[in-house]
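The values are calculated or read from the model by the stated rules, or taken from the named source; none is laboratory data. Note that the coordinates shown come from a computational prediction; the quantities given were computed from them, not determined experimentally. Quick reminder, even Gly has a Cβ in these numbers, built from the backbone with ideal geometry, and neighbours come from all protein chains shown. Ligands, DNA and RNA are stripped out before the accessible areas are found, and what is left, the full protein with its side chains, is counted by its heavy atoms. Shrake-Rupley method; radii C 1.70, N 1.55, O 1.52, S 1.80 Å.
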Amino acid sequence: MIRALYLACAVVFLTILVVSINALRRSRTRRVSDVLKGIAAMSGVFVIVGAQESLGPNGTTEGAGQLLLGAYALLATVVVGTVGVGGLRRLDRAEQVAATQLPRPPGQPQPVQVRLTPREVSVVHAIHSGVLTDAELAEALFVSPATAGTHVRNILRKTRLRSRRELILLEIPSAEES
Amino acid sequence: MKGAAVSLIALNLAAVSALLVASAVCARRSGSDRVRQLWLAIAAFAAVLMSGWVVRLFSHVPASGSPAARMWQRVEPIFSVVPPVAGLAVGVVALVLVPRAVRALQQSERMYTAMLRRVSSLPSLEDIALTRREREVVDVLRAGSLDNASIAERLGIAPNTAGTHVRNIMRKAGAADRRDLMLLGERNG
């Protein structure tokens, strides 16, 4: 009975481990990555404990496996306590800032499959780096402010987003791929 | 070997207890629901690990003799179910909640880093000659109240006066948008 429970535990946390490593591979945000690392490290402990208790011989309380698990669990706990916790503290501020900068709360699904011209793509890349006003875009892209404004209006219409700050979150292929 | 195993368990117990307390405190202080969810997930992970280490610690107690061993033998069948059951529950909840929270937090962080990059060209707060009142307005802006009405309410002034202060701060800082003022003087780190 207990063995089956531990086995289920191992399977669930193996799924969490895979999901978080997958998210980590695609993540381009440092602090969220730190949190994901912490979650992955901790899930690893649960996977090992679950596997040991469900598949190992009865009375798995001695041997080198115990020591290895203990050492790894300690390491994982310390990693979560430093890296993950440090990342999360800073994310509180990020949430506060995002809530005031966006017309809608963060977490909305992003538009997919938007057809943008190469020029519009370069406008979005500039916006990603924090260049927002027509005047700033004009300077960065060597066009007139009115042209920059037209590009932004067209992008907003195509993506159905409401503000140019929302475009910061728009994910499009990088310049080399498009 | 046995002594080393027991002291390692004790060390682990101390570490997860510290993690549990720290994440519970941070969850209470956090201003964002999603960040709080992640704190609570970490706290729950720590709590499950704690119960697991307690069970393992007691399994090292000599089987007979001491009162602690006798008491443990009585509660052992009940208590040894706690770690796998709690772990399973926490795992399933985390599997549902964490990916959603993480996705939203990634968006927030991208917004935040882009805005920090944006204000990095503005002068630092010490380099701008602000009046005492303007500094108070900056503090309100940094806390996230951006519109004239809420600034006015916080400082007990008229909305138009608040607007004038904001305009003057924007001019002095060279900011193009009042939303930039929320991050005035903030650096990536």
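Rg to Rh for chain A: what is it, with Cα atoms only and Rh by Kirkwood? Kindly include the intermediate steps, with their values, before the conclusion.
Working: Rg = 23.4 Å, Rh = 19.8 Å.
Ratio of gyration radius to Kirkwood radius: 1.18.
Gain in length, B:ASN160 to B:LEU57, computed as 0.36 nm per residue apart minus the alpha-carbon separation, to one decimal in nm? Provide the component values of the computation, followed by the final result.
Details: separation 103, 0.36 × 103 = 37.08 nm, distance 6.65 nm.
Computed gain between B:ASN160 and B:LEU57 is 30.4 nm.
Sort A:116-127, A:88-99 by packing, meaning the average of other beta carbons within 10 Å per residue, with the highest value first. All intermediate terms of the calculation are to be shown ahead of the outcome.
Values: A:116-127: 17.7, A:88-99: 21.4.
Result, highest mean Cβ count within 10 Å first: A:88-99, A:116-127.
What per residue convex hull volume, in Å³, do the alpha-carbon atoms of segment B:2-120 yield?
Details: hull volume 15.7 nm³, N = 119.
Per-residue hull volume (Cα only) is 132 Å³.
Along the Cα-to-Cβ line of A:GLN110, 7 Å from the Cα, sits a label point; which residues in segment B:111-149 have backbone N less than 15 Å from it?
B:111-115
Got a sec? Which residues of segment A:121-138 lose 10 Å² or more of accessible surface with every protein chain in place, vs. that chain alone, 1.4 Å probe?
Hits at the 10 Å² cut-off: A:HIS128, A:SER129, A:GLY130, A:LEU132, A:THR133, A:GLU136.
Given N residues in segment A:3-108, what is its alpha carbon radius of gyration divided by 2.2 N^0.38 Å? Please list the in-between numbers first.
Values: Rg = 17.4 Å, N = 106, 2.2 N^0.38 = 12.9 Å.
That ratio works out to 1.35.
Carbon-plus-sulfur fraction of the accessible area of segment B:1-150, 1.4 Å probe, in percent?
On the way: 4740 of 7310 Å².
Of all accessible area on segment B:1-150, carbon and sulfur atoms account for 65 percent.
Can you compute log10 of I(q)/I(0) for the protein assembly as shown with the Debye formula, treating each Cα as one identical point scatterer, at q = 0.14 Å⁻¹?
-1.11
Taking beta carbons within 10 Å but only from partner chains, what does the mean come to for residues A:31-39?
Values: counts 6, 11, 3, 0, 9, 4, 0, 5, 7.
The mean count of partner-chain Cβ atoms within 10 Å per residue comes to 5.
If you take each beta carbon of peptide A:101-110 and count the beta carbons of other chains within 10 angstrom, what is the mean?
Values: counts 13, 4, 0, 0, 5, 12, 9, 2, 1, 2.
Per residue, the number of nearby Cβ atoms from other chains is 5 on average.
Could you tell me which of B:THR113, B:ALA44, B:LEU13 has its Cα farthest along the dipole of segment B:2-120 towards the positive end, charges placed at Cβ (Lys, Arg +1; Asp, Glu -1), taken about the Cα centre?
Looking along the dipole axis, the top candidate is B:THR113.
Per-residue HN-Hα couplings for segment B:111-125, Karplus 6.51 cos²θ - 1.76 cosθ + 1.60 at θ = phi - 60°, whole Hz, x for Gly and Pro?
Going residue by residue, I get 4, 4, 5, 5, 5, 5, 4, 5, 7, 5, 8, 7, x, 6, 4 Hz, with x marking Gly and Pro.
Give the residues of segment A:62-100 whose amide nitrogen is closer than 13 Å to a point set 7 Å from the Cα of B:ASP177 in the direction of its Cβ.
Within reach of a label on B:ASP177: A:98-100.
Mind ranking A:26-35, A:149-158 by how tightly packed they are, going by the mean number of other C-beta atoms within 10 angstrom, highest first?
A:26-35, A:149-158
Per-residue accessible area for B:HIS165 at 1.4 Å probe radius, Å² rounded to 10?
Probe radius 1.4 Å; accessible area of B:HIS165 about 30 Å².
Can you order the peptides B:145-156, B:5-16 by their average number of other Cβ atoms within 10 Å per residue, highest first?
The densest-packed peptide leads the list: B:5-16, B:145-156.
Would you mind giving the mean number of other chain beta-carbons within 10 Å of the Cβ of each residue in A:76-89, as a whole number? Spell out each step's value before the answer.
On the way: counts 5, 11, 3, 0, 8, 8, 0, 0, 5, 6, 0, 3, 11, 5.
The per-residue average across the peptide is 5.
How big is D for segment B:125-188, in µm² s⁻¹ as a whole number, if Stokes-Einstein is applied with the Kirkwood radius of its Cα pairs at 37 °C and 0.692 mPa s? Don't jump to the answer; show the numbers that get you there.
Working: Rh = 11.5 Å.
The calculation lands on 285 µm²/s.
Please list 3J(HN,Hα) in residue order for segment A:15-20, calculated via the Karplus relation 6.51 cos²θ - 1.76 cosθ + 1.60 where θ = phi - 60°; whole Hz, with x for glycine and proline.
With coefficients 6.51, -1.76 and 1.60, one gets 4, 4, 4, 5, 4, 6 Hz.
Put A:LEU75, A:LEU141 in order of accessible area, largest first, 1.4 Å probe: what do you get?
On the way: A:LEU75 110, A:LEU141 25 Å².
Sorted descending by solvent-accessible area, the residues read A:LEU75, A:LEU141.
Using modelled amide H (1.01 Å from N, peptide plane; none on Pro or chain starts), what sits under 5 Å from the amide H of B:GLY185, excluding residues fewer than 5 places away?
B:LEU125
Given R₀ = 22 Å, FRET efficiency for B:SER121-A:SER144 by Cβ-Cβ distance, to 0.05?
Using R0 = 22 Å, I get an efficiency of 0.55.
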